[in-house]
1. Residue check, Thr308 against (1) in a loop (DSSP other than H, G, I, E, B); (2) in contact with a Ser or Thr (Cβ under 8 Å, 6 or more places away or on another chain); (3) not aliphatic (A, V, I, L, M), all met but one. Which one?
2. Consider Ile193 carefully, then state whether it is in contact with a Phe, Trp or Tyr (Cβ under 9 Å, 6 or more places away or on another chain), on the phi < 0 side of the Ramachandran plot and open to solvent by less than 60 Å² (accessible area, probe 1.4 Å).
3. Mind listing just one residue for me: the one in region 8-24 that is away from the ligand (no atom under 16 Å from the Cβ) and either in contact with a helix residue (DSSP H, G or I) (Cβ under 9 Å, 6 or more places away or on another chain) or at pLDDT below 95 (or both) and, of those, most open to solvent (accessible area, probe 1.4 Å)?
4. Against the conditions (1) assigned to a helix (DSSP H, G or I); (2) under 18 Å from Ile115 (Cβ atoms); (3) away from the ligand (no atom under 16 Å from the Cβ), where does Leu161 fall short? Just the number, please.
5. Just one of Asn207, Asn172 is crowded, with 17+ Cβ neighbours inside 10 Å and either free of Cβ contacts under 8 Å to residues at least 60 places away in the same chain or within 12 Å of the ligand (Cβ to nearest atom) (or both); which is it?
6. On the given criteria, is Ile67 modelled with pLDDT of 95 or more, part of a strand (DSSP E or B), of a type outside the set (S, T, N, Q) and open to solvent by 30 Å² or more (accessible area, probe 1.4 Å)?
7. Looking at Val129, Val97, Val122, can you tell me which residue is touching a residue at least 60 places away in the same chain (Cβ under 8 Å), over 17 Å from Leu5 (Cβ atoms) and surrounded by 14 or more Cβ atoms within 10 Å (Cβ to Cβ)?
8. State whether one or more residues within region 243-265 are within 22 Å of Asp372 (Cα to Cα), of a type in the set (S, T, N, Q), in a loop (DSSP other than H, G, I, E, B) and open to solvent by less than 20 Å² (accessible area, probe 1.4 Å).
Amino acid sequence: MCIKLCVIGLGYIGLPTAAMFASNGYKVVGVDINEELVVSLQKGTVYANEPDLRQLVEETLNLGNLIVSTICEKADIYIITVPTPLTIDNKANMCYVIQALENILPYIEAGNTLILESTIGVGTMNDLVYPLLAQAGLNIEELYIGYCPERVLPGKILNELVYNSRLIGGMNRKSSEKIRDIYASFVKGELYITEAKTAEICKIMENVYRDVNIALANELMKACESLEINVWDVITLCNKHPRVNIHVPGPGVGGHCLTIDPWFLVEKCPSSTTLIKRARQINDNMPNYIFEKIEQIIGKQVQQTKITLLGMTYKANIEDIRESPIIKLIEQLEYNGYEVVVVDPYVTSYKNIDKNIERACTNSSLLILAVDHTCFKKLSLSELGQVMKQKNILDTRKYWDEEYVKTLGFQYTLLGDK
Ligand code: SAJ
């Protein structure tokens, strides 16, 4: 008989996870509170732009191995993949996790497995999940419970779901082993068993590591600007050292992970996380730094000044705009009276978007490479330069070749250069 699995939360992680289990022998019910999303999935419409995801979801829906609903059902395994946002004062907001647990409570019974994948603060399994189940009258010793954080990179989700290693922090050994066997149905990476608390802090630290390193790259970039050194050369040369890996500076850090997870640790251990907090602040301030650079380039001439941005997603080649630093930059420019037009083929509905690149550049005083989408390589800068009011370019990602852009008659400013 087929094992039934219920995935609560059909977002960036939940939908691919549900489809993956559904194509590997499980009968999966995907549950989401968003009725519009569920109805469109039921009709077979998949909006996700993640490579190969649409096809996998369509296949599993058509075969009936995946069904979607707004209501939880009785199952053998429950997996929670809901968002864990921040409160206004940068604390972990567990309301969706609690809501998901409450939805499961009427159905879960002895012998079932409960897995939490959402990023959570250290101690959440012990202090929130187990007590909530116990208070509902369940004997948690008769369940298999564990924390198994996702680790996949947007843009490569399906591939990384299969090939990345995973951590499994079970409530006890038998829970961890049970959960390991469940993921082994499609994961080809290693499945490491550890304590729930260890898995919780590992998940957060992986993103902290990246955030702090990006802040370091952004600090180096500012230092290089003031010392009139090209930061991109510095990074390339430093990274020739076998144990150095300086990250990439840019207009800021976005997405639902690096901007949020570090705060979960700061909340728990404020006195020992000053570096982590400072890194967050440095990265959060980058749109402001770019704004000041823009004013240096065009000289605070706000009246009827149009600025064109290439890209507004939180990183290259994806459609996700959550916590994008470019949105903060757009807002700051508009607040200061600039006319801002954005070209981003991955984004359809945002007030500043213009699909027509030539119209977006017409009369513009500055073209900013904000997100390094590969598709911008096809643009004809020489044609765009002809319709611009002033031929200024600000490149925040070392996207173009300086010499080439200058031969087209542009004033070229590279972030992190002399
Ligand atoms: N960025 C830089 N410089 C860099 C690297 C990234 O400015 O050198 C910026 C990006 O432009 C973007 C932000 O940082 O705005 C975050 O991008 P990312 O590619 O570092 O990470 P995410 O948020 O897309 O995904 C991360 C991943 N974590 C790690 O690589 C440690 C992913 O594996 C996690 O599953 C995901 O967070 C998550 O859900 O936690």
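1. Every listed condition holds for Thr308 apart from (1).
2. no
3. Ser23
4. (3)
5. Asn207
6. So Ile67 passes the test.
7. Exactly one residue qualifies, and that residue is Val122.
8. yes
The values are calculated or read from the model by the stated rules, or taken from the named source; none is laboratory data. Quantities reported herein were computed from a predicted structural model and do not represent experimental measurements. Cβ coordinates were reconstructed from backbone atoms using ideal geometry, including for glycine residues, and neighbour counts include every protein chain displayed. Accessible surface is based on the protein model in full, side chains and every heavy atom, while ligands, DNA and RNA are left aside. Shrake-Rupley method; radii C 1.70, N 1.55, O 1.52, S 1.80 Å.
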